[in-house]
1. Return yes when B:R161 is under 30 Å from B:E237 (Cα atoms), within 18 Å of the chain's Cα centre (by Cα) and outside any loop (DSSP other than H, G, I, E, B) and no when it is not.
2. B:F89 passes all but one of (1) over 17 Å from the mean Cα position of the chain (by Cα); (2) crowded, with 19+ Cβ neighbours inside 10 Å; (3) more than 21 Å from B:A274 (Cα to Cα); which number fails?
3. If you take just the strands (runs of 3 or more DSSP E) that sit entirely in the range B:5-81, which of them hold at least 3 residues that are acidic (D, E) and modelled with pLDDT of 95 or more?
4. Would you check if B:V145 is at pLDDT below 95, more than 27 Å from B:R21 (Cα to Cα) and of a type in the set (V, I, T)?
5. With respect to A:F60, is the statement that it is modelled with pLDDT under 95 and either part of a helix (DSSP H, G or I) or at the interface with another protein chain (Cβ under 9 Å from one of its Cβ atoms) (or both) true?
6. Only one of these conditions is not met by B:A153: (1) in contact with a Gly (Cβ under 8 Å, 6 or more places away or on another chain); (2) within 14 Å of another protein chain (Cβ to nearest Cβ); (3) buried (at least 21 other Cβ atoms within 10 Å of the Cβ); (4) over 30 Å from B:G286 (Cα atoms). Which number is it?
7. Given the condition farther than 30 Å from B:I16 by Cβ, facing chain B (nearest Cβ under 9 Å), at pLDDT 95 or above and part of a helix (DSSP H, G or I), answer yes or no: does some residue in the range A:71-82 qualify?
Amino acid sequence: MSRYEVDKALWDVYRDASAAKQYRRDPVGFLAPRDLSDEEREALAARDVRRLVALGSHPFLTYNFALRLAGGFSMPFVQDYVGQLQGLVVGDITT
Amino acid sequence: MARLVEVVCVPHDPTIPAGLRAAEPPKALAETRDAFEHLRGRLKEASPDVLLVAAGDHLNQWFMHNMPQFLIGKAPRAAGPFDHERELFGLDAYDTEIEGALARHLLDRGVEKHSDFAYSNEFTLDHGFVVPLSMLRPEQDLPVVPLFTNVMAPPVAPGTRFHALGVAVRELVERFDQDLRVAVITSGHMSNSIGGPRMLDFVKDPLSEWDRRTWEQLHDGDVGELVAECTFERLYEQGNGTAGFLDYLFALGLVGDARPTWSALAAGPTQPPAGFLRWDEATVNGVRA
């Protein structure tokens, strides 16, 4: 497991418009040079926020990653995002 | 010598400014606006020369590859927010001078005894700073000293250290050899689960049991007990972002655990609870007006 690398990928997409563009165009290529497990890579490529949070990604980064990809804040976005996490309990996020 | 003339704790939800542009904001947001407006007036009356602003950075620039627990910004100017925050939340720019001599004093005297602050000459103020500053001092005319705190990436310092830092910063400010009136804005929040499965719990329960108990402790309870209870792990259990409350404990250290002169708690099914606390000059300095 490489939680730090997962968080770093989320961080890059959130903060960096060109990284977000690259991820949108080719998520697998964007993730290729990163040191991730298969499960992490798949969850990141699929924008699977539930799996990411279950794996211990930082919830705030995961949210901002999804927010960047959604293009901006709205209540429907939040409802959809939180809906995907229902039943999860957040655990350790130490990197 | 420098003197503390006003201390406030306020929230910094980045959706507040855009929400207030709506024709009719929901009740809790209107109460949030009213609280900010009240504090804006009091801050003006306090006529500070400088604003010391303490808040978290939200992993916008300090990240797990190089994470300071407490950092003082000592560049000539402080500006923000980040482009991505402007884009995603519709935040406006804020840009002002830094009170460099006070920033340098905190670093130089702090490292001798109190705290090994990190420092930076290249940084951006994120929404944790820009929202409170825009709401409380929209004129952008007062110099600031930004104090960044890590409340998001473990290990996070416990409440006892945030409180002790407040005690130390007050002592350092009062030893500063310039006749400055210093107001302090600390920004954090009550229970908060941004990005977690409980993010919308406020829809059903605008105030959690932890919020109610904490608010009571702040006003009538045992502040020492509250400070001791606020470890990252315990706050995280109350919502994955609740450690943002630690910045309020910094303020308690600054004011010597005095009860607030004024407070407001804006809560409703449309937003996470927004807690506002104010200590006036007389209360901060132990003289009840």
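The values are calculated or read from the model by the stated rules, or taken from the named source; none is laboratory data. All figures in this text were calculated on a predicted structure; none of them were measured in a lab. FYI the Cβ positions are ideal-geometry reconstructions off the backbone, even for glycines, and counts take in every protein chain you see.
1. yes
2. (3)
3. Passing ranges: none, list empty.
4. No, not satisfied.
5. When the stated conditions are applied, A:F60 does not pass them.
6. Every listed condition holds for B:A153 apart from (1).
7. no
Residue-wise test of (1) buried (at least 20 other Cβ atoms within 10 Å of the Cβ); (2) away from chain A (no Cβ under 12 Å); (3) in contact with a Leu (Cβ under 8 Å, 6 or more places away or on another chain); (4) not aliphatic (A, V, I, L, M).
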residue: B:A183; (1), (2), (3), (4): yes, yes, yes, no
residue: B:M190; (1), (2), (3), (4): yes, yes, yes, no
residue: B:D220; (1), (2), (3), (4): no, yes, no, yes
residue: B:E229; (1), (2), (3), (4): no, yes, no, yes
residue: B:A251; (1), (2), (3), (4): yes, yes, yes, no
residue: B:S263; (1), (2), (3), (4): no, yes, yes, yes
residue: B:A267; (1), (2), (3), (4): yes, yes, yes, no
residue: B:A274; (1), (2), (3), (4): yes, yes, yes, no
